[in-house]
Amino acid sequence: MTQELGGFAALGLNPNVLAAVIATGYEEPSAIQLQSIPVILAGHDMIGQAQTGTGKTAAFALPILSRIDPAKKEPQALILAPTRELALQVATAFETYAKQMPGLNVIAVYGGAPMGPQLKAIRQGAQVIVATPGRLVDHLRRDEKVLSTIQHLVLDEADEMLKLGFMDDLEVIFQAMPESRQSVLFSATLPHSIRSIAEKHLKEPKHVKIETKTQTVTAIEQAHLMVHADQKVAAVCRLLEVEDFDALIAFVRTKQATLDLASALEAKGYKVAALNGDIAQNQRERVIESLKDGRLDIVVATDVAARGLDVPRITHVMNVDMPYDPESYVHRIGRTGRAGRAGRALLLVTPRERRMLQVIERVTGQKVAEVRLPDSQQVLDARIRKLTTSLSPLVADAEASHGDLLDRLIADIGCSPRALAAALLRKATNGQALTLAEVEREQPLVPSAGAPRERRERDGERSGERRAPVPLAEGRVRCRTALGTRDGIAAKNLLGAILNEGGLVREAIGRIQVRESFSLVELPEDGLDRLLGKLKDTRVAGKQLKLRRYRED
Ligand code: AMP
C-alpha cells in the first residue's frame with residue numbers, strides 16, 4: 001500500500017502545486033505548514049513565528065503559488081529576505097514548487113549582480129520576485145512602478161532584516177505596493193520593532209505560532225555536530241565508524257533522502273534499508289522485523305514511515321535532517337533508550353539551523369553537547385578495536401580447527417606466520433584502510449561547520465602566525481578606514497558617526513576593530529554602496545572617514 005498523500009492533499013492547494021510537492025518527496029506537512037497554509041490560502045494577512053528548519057519557506061510558498069495566475073505576465077508576489085543566500089534559497093524553493101506550473105517565472109533580485117538583467121526579468125513578467133530590500137529599493141529608484149501589481153507580500157526572517165538595518169528600505173517598499181495586497185510576516189522572534197511594522201502595515205493579521213510544550217528526555221545521551229548540508233553523508237559515514245551501536249535509526253526528511261543515504265551506507269558494507277511512505281506496508285513490516293532480529297542494523301526513515309516503530313535493539317538515533325519542531329525531535333529520539341536501556345541521539349546541524357538547536361535545548365531543558373567529526377586516528381582506532389572484538393572470541397577454536405592447515409600454507413607458500421596472518425587479514429577486511437596514511441587518503445578531513453575557525457586559531461598559535469580574521473556573519477562585509485588609534489579614534493567614535501550619518505540601527509553594525517593605522521567595521525552587504533555614498537563626506541575626529549569595502553584576499 002502506498003502512503004496516503006498525508007495532510008497535503010487536504011489543504012486545498014492548487015493541484016499543480018500539490019503535484020510538485022508530492023514529486024519533491026515530502027510526506028506530510030510540518031506543523032507550521034499545517035497552520036499557515038489555510039490562513040494564507042484564505043487571503044488573510046498573517047504573522048508566523050517560526051525559524052529556519054521548521055519548513056517555513058513552503059508554509060508561505062505553497063499557498064502563494066496557489067493564488068498566483070501564471071497567465072498574467074506581471075509581478076504578483078514579492079518575498080523579501082535579509083540576505084542574498086536566503087533570497088536564492090527561497091527563489092529555488094519557489095521554482096521547485098512551481099515545476100508543474102507552466103509559464104510561472106521566479107526572479108531573485110539581490111545586490112552584487114548587475115541590475116539590468118534583473119529589471120528585464122521583472123518587466124518580462126516574472127510573477128514572483130524574491131529580493132533583498134536594499135537592491136529592491138535601488139530598482140524602485142529607477143522605476144517606481146516595479147511593484148505596482150504586487151498582490152502578495154512576504155517578509156521572511158523579518159527580525160534579521162531589521163538587524164541588518166533595512167527598516168527605512170522596508171518603508172519605501174511598503175509605499176510602492178498596492179494597499180489591497182495580502183501581507184505575511186515570518187520572524188523567529190517578535191521584538192517591539194517587528195510588532196510595530198505589523199501594526200502599521202498588516203491588516204488584522206492572524207497569528208500562527210507553534211506551541212512548544214516542555215518535554216522531558218531521560219536516559220538518552222544527546223550530542224550535535226555542526227556540518228554543511230553537502231557534507232552530511234560523509235559526516236554520517238565518519239560518525240558511524242566510531243559510534244558503538246547495535247541498531248540505529250537515521251531520520252531524514254524526504255523519500256529520496258532515505259534512498260540516497262541507505263545506498264551510500266550499503267556501499268560501505270552496512271546492513272541497511274530505507275523506510276519511507278512509498279514502501280508497501282508488508283514490506284515495511286519486513287524491514288522492522290529484520291531490524292529486530294539483526295538482519296539489518298540501520299534503517300533510514302522519514303518521520304511518517306517510522307511511526308510506531310518500537311525496536312528495543314535500537315541504541316542510536318541519528319537526526320541527519322533536523323526535525324521540524326522540538327516535539328518531533330523528542331519523539332524521534334524516544335526510539336532509543338527503550339525498556340530502561342541507555343540510548344544515544346546524534347543531531348546534525350547546518351549553520352542556518354543553529355537557532356532550531358537552541359529551541360530544542362530550551363524545550364527539553366537540556367544542553368545538547370557539541371561533538372567534532374572524528375579524525376583519521378579515531379577512525380583507525382575504532383576499526384582496530386572492532387577487529388579485536390570480532391577476532392578474539394575466534395582464536396582459541398580457530399587454532400584447533402585451522403592450525404594444521406596454517407602450518408601447511410606456511411610451508412607451501414614459503415612465508416612467515418606473520419606474513420600469512422597479514423594476508424588473511426587483508427582478505428578478511430576486504431582491503432579496508434588499516435594504517436593512518438591509508439585512512440587519511442581514504443577520507444580527507446571534512447571539517448565540521450563549526451571547526452575551521454578553531455583549527456585556524458589553534459594552528460596560528462602553534463606556529464606563531466598572525467591570527468586568521470574572524471568569519472563574517474551572513475549578509476555582512478568588512479569595510480576599512482585608514483583612521484586608527486594614532487588618529488585618536490576609538491570604536492565608539494566610528495560607531496557614532498556611522499549610526500548618525502548612515503541612518504543605521506545599532507544591530508546593523510557588527511564588530512568594529514580599531515588598530516593603530518586603520519580600522520575595520522562590519523556592515524550590511526546589501527545596500528552597501530548607498531551607505532558608503534551617505535558616509536562619503538563624514539568626518540571623525542576632524543578627519544575624513546573614507547570607508548571602503550575591504551577585500552580579504
Ligand atoms: P525551511 O524551514 O523552510 O528552511 O525548510 C527546511 C527544509 O525542510 C528544506 O530543506 C525543505 O526542503 C524541507 N521541507 C519543508 N517542508 C517539508 C515537508 N513537509 N516534508 C519534508 N521536508 C520538508
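Only helices (runs of 4 or more DSSP H) wholly contained in region 35-135 count here; list those with 1 or more residues that are in the same structural domain as Ser193 (by TED's automatic domain parsing) and within 16 Å of the ligand (Cβ to nearest atom).
Working: elements: 56-66, 84-97, 115-123.
Because the criterion is at least 1 residues that are in the same structural domain as Ser193 (by TED's automatic domain parsing) and within 16 Å of the ligand (Cβ to nearest atom), the helices (runs of 4 or more DSSP H) in region 35-135 that meet it are 56-66, 84-97.
Does region 196-218 contain at least one residue that is outside any loop (DSSP other than H, G, I, E, B), of a type in the set (D, E, K, R) and surrounded by 14 or more Cβ atoms within 10 Å (Cβ to Cβ)? Show your work before the answer.
Just the residues of region 196-218 that are outside any loop (DSSP other than H, G, I, E, B), to begin with: 196-201, 206-209.
If we keep only those that are of a type in the set (D, E, K, R) too, we end up with 199-200, 206, 209.
Subset that is surrounded by 14 or more Cβ atoms within 10 Å (Cβ to Cβ): 206.
Yes; the residues of region 196-218 include at least one that is outside any loop (DSSP other than H, G, I, E, B), of a type in the set (D, E, K, R) and surrounded by 14 or more Cβ atoms within 10 Å (Cβ to Cβ).
Which one of Arg362, Arg295 is in a loop (DSSP other than H, G, I, E, B) and in the same structural domain as Val227 (by TED's automatic domain parsing)?
Working: Arg362 fails: in a loop (DSSP other than H, G, I, E, B).
When all the criteria are applied, what remains is Arg295.
When region 148-188 is examined, which residues are found to be assigned to a loop (DSSP other than H, G, I, E, B), modelled with pLDDT of 95 or more, of a type outside the set (Asp, Glu) and closer than 26 Å to Gln49 by Cβ?
Result: Ile150, Gln151, Met177, Ser180, Arg181.
Which residues, taken from region 477-488, are without any contact (Cβ under 8 Å) to a residue 60 or more places away in the chain and open to solvent by 10 Å² or more (accessible area, probe 1.4 Å)?
Passing the criteria: Thr485, Arg486, Asp487, Gly488.
Asp297 passes all but one of (1) open to solvent by 40 Å² or more (accessible area, probe 1.4 Å); (2) more than 15 Å from the ligand (Cβ to nearest atom); (3) acidic (Asp, Glu); which number fails?
Result: Asp297 passes all but (1).
In region 497-528, which residues are acidic (Asp, Glu) and either within 15 Å of Arg480 (Cβ to Cβ) or in contact with a strand residue (DSSP E or B) (Cβ under 9 Å, 6 or more places away or on another chain) (or both)?
Residues of region 497-528 acidic (Asp, Glu): 501, 507, 516, 522, 525-526.
Within region 497-528, Glu516, Glu522, Glu525 qualify.
Among the candidates Ile68, Ile47, Ile40, which residue alone is within 23 Å of the chain's Cα centre (by Cα) and at negative phi? Give the steps one after another, and end with the answer.
Details: Ile68 fails: within 23 Å of the chain's Cα centre (by Cα); Ile40 fails: within 23 Å of the chain's Cα centre (by Cα).
Result: Ile47 is the single residue among Ile68, Ile47, Ile40 that is within 23 Å of the chain's Cα centre (by Cα) and at negative phi.
Provide a single number: the residues in region 19-30 that are more than 10 Å from the ligand (Cβ to nearest atom) and either of a type in the set (Gly, Ala, Ser) or farther than 20 Å from Val304 by Cβ (or both).
Residues flagged as more than 10 Å from the ligand (Cβ to nearest atom) and either of a type in the set (Gly, Ala, Ser) or farther than 20 Å from Val304 by Cβ (or both) within region 19-30 amount to 3.
Scan region 500-520 for residues that are assigned to a helix (DSSP H, G or I) and among the aromatic types (Phe, Trp, Tyr) and report the count. Show your work before the answer.
If we filter region 500-520 for residues that are assigned to a helix (DSSP H, G or I), which is where we start, we get 500-502, 506-508.
Still in the running and among the aromatic types (Phe, Trp, Tyr): none.
Number satisfying all stated conditions: 0.
Scanning for something at pLDDT below 95 and of a type in the set (Asp, Glu), does region 85-99 turn up at least one residue?
Yes: region 85-99 contains one or more residues that are at pLDDT below 95 and of a type in the set (Asp, Glu).
Find the residue count for region 63-108, including only residues that are more than 20 Å from Met177 (Cα to Cα), in contact with a strand residue (DSSP E or B) (Cβ under 7 Å, 6 or more places away or on another chain) and surrounded by fewer than 20 Cβ atoms within 10 Å (Cβ to Cβ).
Adding up the residues that qualify gives 2.
Taking only region 499-508 into account, find how many residues are within 33 Å of the chain's Cα centre (by Cα) and touching a residue at least 24 places away in the same chain (Cβ under 8 Å). Explain how you work it out, then say what you get.
Here is the first cut: in region 499-508, the residues within 33 Å of the chain's Cα centre (by Cα) are 499, 502-508.
This time we only want the ones that are touching a residue at least 24 places away in the same chain (Cβ under 8 Å), so: 502-505, 507-508.
Counting residues in region 499-508 that are within 33 Å of the chain's Cα centre (by Cα) and touching a residue at least 24 places away in the same chain (Cβ under 8 Å) gives 6.
Does Ala23 qualify as being modelled with pLDDT under 95, part of a helix (DSSP H, G or I) and either touching a helix residue (DSSP H, G or I) at 6+ places or on another chain (Cβ under 6 Å) or under 25 Å from Thr302 (Cβ atoms) (or both)?
Numbers: modelled with pLDDT under 95: yes; part of a helix (DSSP H, G or I): yes; either touching a helix residue (DSSP H, G or I) at 6+ places or on another chain (Cβ under 6 Å) or under 25 Å from Thr302 (Cβ atoms) (or both): yes.
Considered against the rule, which asks whether it is modelled with pLDDT under 95, part of a helix (DSSP H, G or I) and either touching a helix residue (DSSP H, G or I) at 6+ places or on another chain (Cβ under 6 Å) or under 25 Å from Thr302 (Cβ atoms) (or both), Ala23 comes out as yes.
Kindly evaluate Leu380 against the criterion of being more than 30 Å from Val90 (Cα to Cα), surrounded by 11 or more Cβ atoms within 10 Å (Cβ to Cβ) and either under 32 Å from the mean Cα position of the chain (by Cα) or in the same structural domain as Leu239 (by TED's automatic domain parsing) (or both). If you could, list the steps in order and put the result at the bottom.
Numbers: more than 30 Å from Val90 (Cα to Cα): yes; surrounded by 11 or more Cβ atoms within 10 Å (Cβ to Cβ): yes; either under 32 Å from the mean Cα position of the chain (by Cα) or in the same structural domain as Leu239 (by TED's automatic domain parsing) (or both): yes.
Spelling it out, Leu380 is indeed more than 30 Å from Val90 (Cα to Cα), surrounded by 11 or more Cβ atoms within 10 Å (Cβ to Cβ) and either under 32 Å from the mean Cα position of the chain (by Cα) or in the same structural domain as Leu239 (by TED's automatic domain parsing) (or both).
Take the residues of region 521-551 that are assigned to a strand (DSSP E or B) and open to solvent by 20 Å² or more (accessible area, probe 1.4 Å): which is farthest from Ala131 (Cα to Cα)? Reasoning before the result, please.
Taking region 521-551 and keeping what is assigned to a strand (DSSP E or B), we get 521-524, 539-540, 543-544, 548-549.
Filter again for open to solvent by 20 Å² or more (accessible area, probe 1.4 Å), leaving 539, 543-544, 548-549.
Details: Arg539: 33, Lys543: 37, Gln544: 33, Arg548: 25, Arg549: 22 Å.
Among residues in region 521-551 that are assigned to a strand (DSSP E or B) and open to solvent by 20 Å² or more (accessible area, probe 1.4 Å), the one farthest from Ala131 (Cα to Cα) is Lys543.
Let me spell it out: the conditions are (1) touching an Asp or Glu at 6+ places or on another chain (Cβ under 8 Å); (2) closer than 30 Å to Gln432 by Cα; (3) not basic (Lys, Arg), and Thr302 meets all of them except one. Which number is the exception?
Unmet for Thr302, out of (1) touching an Asp or Glu at 6+ places or on another chain (Cβ under 8 Å); (2) closer than 30 Å to Gln432 by Cα; (3) not basic (Lys, Arg): (2).
Checking the condition modelled with pLDDT under 50, more than 28 Å from Leu347 (Cβ to Cβ) and surrounded by fewer than 15 Cβ atoms within 10 Å (Cβ to Cβ), which residue from Arg462, Arg453 passes?
Details: Arg453 fails: more than 28 Å from Leu347 (Cβ to Cβ).
Arg462 is the lone residue from the list that is modelled with pLDDT under 50, more than 28 Å from Leu347 (Cβ to Cβ) and surrounded by fewer than 15 Cβ atoms within 10 Å (Cβ to Cβ).
The values are calculated or read from the model by the stated rules, or taken from the named source; none is laboratory data. Computed from a predicted structure; not experimentally measured. Virtual Cβ from ideal backbone geometry, glycine too; neighbours counted across all protein chains shown. For the accessible areas, the whole protein counts, side chains as well, though only heavy atoms, and no ligand, DNA or RNA atoms are used. Shrake-Rupley method; radii C 1.70, N 1.55, O 1.52, S 1.80 Å.
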